[in-house]
Amino acid sequence: MNVLVVGGGGREHALCWSLAASPLVDTLYCAPGNAGIAQDATCVPIGVADTTGLIAFCKEKKVGFVVVGPDAPIVAGLVDHLEAAGIPAFGPSAKAAVLEGSKAFTKELCARHNIPTAAFVRVRDLDAARKHIAGTRMPIVVKADGLALGKGVRICATREEAETACAEMLAGAFGSAGSEIVLEEFLAGEEASFFALVHGEQVLPFASAQDHKKVGDGDVGPNTGGMGAYSPPPVLTQALEKRVLEEIVRPTARAMVAEGRPYVGALFAGLMIVDGAPKLIEYNARFGDPECQVMLPRLKSDLLTLLMATREGVLHKVDARWRPETALGVVLATKGYPGTYPKGSVIEGLEDAAGVPEVTIFHAGTTREGGVWKANGGRVLNVVALGKDVAEAQGRAYAAVDRIRWPQGFCRRDIGFRAFGRR
Ligand code: AMP
Ligand code: GLY
């Protein structure tokens, strides 16, 4: 079967790397992909928002299955359009992807179905926001309702800060994503991400991971899309995973069916573990980036079989089997990220780095001209290593990172630190 992956980041490289190994795949395409992905798939220059172009391409190349990676095309309904054109596609409908597309929707759903999450209010004007802030303990979390490239969340220590954040969002700092905002109770605890494959009420637990969202060592500085991750995270014990499944994910899958928005696809629950109990921070309607890059190297089962079973609603016929090792991934980014950064700096030593045992390098944003690798984005590379535990995986990942010569790049040196001392 010919398969198309939509997207061009590190997550899509990991998806392509995994799908390329599937005996069911004839030709693997990626739109638009990147120079690193071109090692595993045939990249085609069609943007993720070009629905007409993607459908025409699938028809021309007889693509039998499409995997949509990023949030924006999912929330915009790409899966609906592909399916309407007769092209089987993995991912939720726009109606179900509202779990990611509207934080207010998800908070209301949690309230209606007793799913544990932070207390919240929705507001549309600054007066209402001020009134709520005046009567609430700090810190408080201010969120734009819609998609804001992971930047629409502000944790505010003081009332002044919270009011400013509300004023900025309501004034359009994130465009229409901020025309409604959610004010949330601050949850203190440790974060983890849990992934499940869902078709209506069928739920197959996939894997879990922990991401490092802050740009600096020790979790300081501004939030990013994710500077590194590891899987599985010791914080999510089997007992806790069971609670996440029974108290959060299954009730959500049932609620979405009951409300006429059956969910089909990968469901990503962002969690906070508060005093030993899981609470939902948010849902994403897709695999995580960089979480996907540390889950797929552990997957022993055939990824395409799992994704097709999800779409077809036969999750009881498949299982997801995992290598027992830990995978840890370090993101290399261009200096300046998550702010502004230049493009085009030369990266050397990638082949050498890939030679470290149990290491795989996924590309998030590179180009290749005349055999020379160049940076083409903020997050540029994911260096992922397997090891018998977090320490061994971390040692291998940084050994590989240290073979990469890229003066304009940087990475965190402490990915995995929360896992130490737990096991
Ligand atoms: P979100 O986009 O909703 O995942 O939020 C981005 C990040 O903000 C999360 O990964 C958390 O680190 C933090 N965050 C969001 N909501 C809360 C909350 N209620 N309490 C504490 N931290 C939060
Ligand atoms: N790593 C978080 C995300 O993919 O949204």
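Bear in mind these aren't lab numbers, they're just calculated from the coordinates by the rules spelled out. Computed from a predicted structure; not experimentally measured. We place every Cβ from the backbone using ideal geometry, glycine too, and count neighbours over all the protein chains shown.
With springs connecting C-alpha atoms under 10 Å apart, model the chain as a Gaussian network and identify which of THR252, THR27, THR367 has the largest mean-square fluctuation.
THR27
At 222 nm, what helix-only mean residue ellipticity would the chain give, in deg cm²/dmol to the nearest 500, using -39500 (n - 2.57) for each DSSP H run of four or more?
-7500 deg cm²/dmol
Based on the alpha-carbon set only, what is the convex hull volume of the chain divided per residue, in Å³?
137
Return the distance in nm (one decimal) between the two label points of a simple spin-label model at ASN2 and LYS62, each offset 7 Å from Cα along Cα→Cβ.
0.8
Report Rg/Rh for the range 232-362, rounded to two decimals, where Rg is the Cα radius of gyration and Rh the Kirkwood radius.
Radius of gyration over Kirkwood radius for the range 232-362 works out to 1.02.
Taking a point 7 angstrom from the Cα of SER179 along the C-beta vector, which residues in the range 129-151 have backbone N less than 16 Å away?
The answer is 144-148.
Taking the chain as a Gaussian network, Cα atoms linked when under 10 Å apart, which of ALA266, ALA118, ALA128 shows the biggest mean-square fluctuation?
Among ALA266, ALA118, ALA128, the largest mean-square fluctuation in the Gaussian network model of the chain belongs to ALA128.
From a point 7 Å beyond the Cα of PHE417 in the direction of its Cβ, which residues of the range 203-218 have a backbone N at a distance under 16 Å?
Answer for this model: 211-218.
Determine the gain in length on full extension of the stretch GLU201-ARG405; use 0.36 nm per residue of separation and subtract their C-alpha separation, reporting nm with one decimal.
68.6 nm
DSSP loop trypsin sites (Lys or Arg not before Pro) in the range 353-400 with at most 13 other Cβ atoms within 10 Å of their Cβ, which ones?
Sites meeting the loop and neighbour criteria: LYS388.
Can you list which of the GluC sites (Glu not before Pro) found in the range 62-162 are DSSP loop residues with at most 14 other C-beta atoms within 10 Å?
Within the range 62-162, no GluC sites (Glu not before Pro) qualify (loop, at most 14 other Cβ atoms within 10 Å).
Given the Cα-Cα distance of LEU126 and ALA239 and 0.36 nm per residue of separation, how much length would full extension add, in nm?
Full extension of this stretch gives 36.5 nm more.
Under a point spin-label approximation (7 Å from Cα along Cα-to-Cβ), what is the GLN39-ALA134 distance to one decimal in nm?
Inter-label distance under the simple model: 5.9 nm.
Note the full-extension length gain between THR305 and SER22 as 0.36 nm times their separation in residues minus their Cα-Cα distance, in nm to one decimal.
Gain on extension, THR305 to SER22, equals 101.0 nm.
Where in the chain are the helices, taken as whole DSSP H runs, whose Cα atoms extend 27 angstrom or more along the long axis and whose Kyte-Doolittle mean reaches at least 1.0?
none
Would you list ASP289, ASP302 from fewest to most Cβ contacts within 10 Å?
Going from sparsest to densest Cβ surroundings: ASP302, ASP289.
Need one number: nm distance between label points at HIS316 and ALA49, each 7 Å from Cα along Cα→Cβ, rounded to one decimal.
4.3
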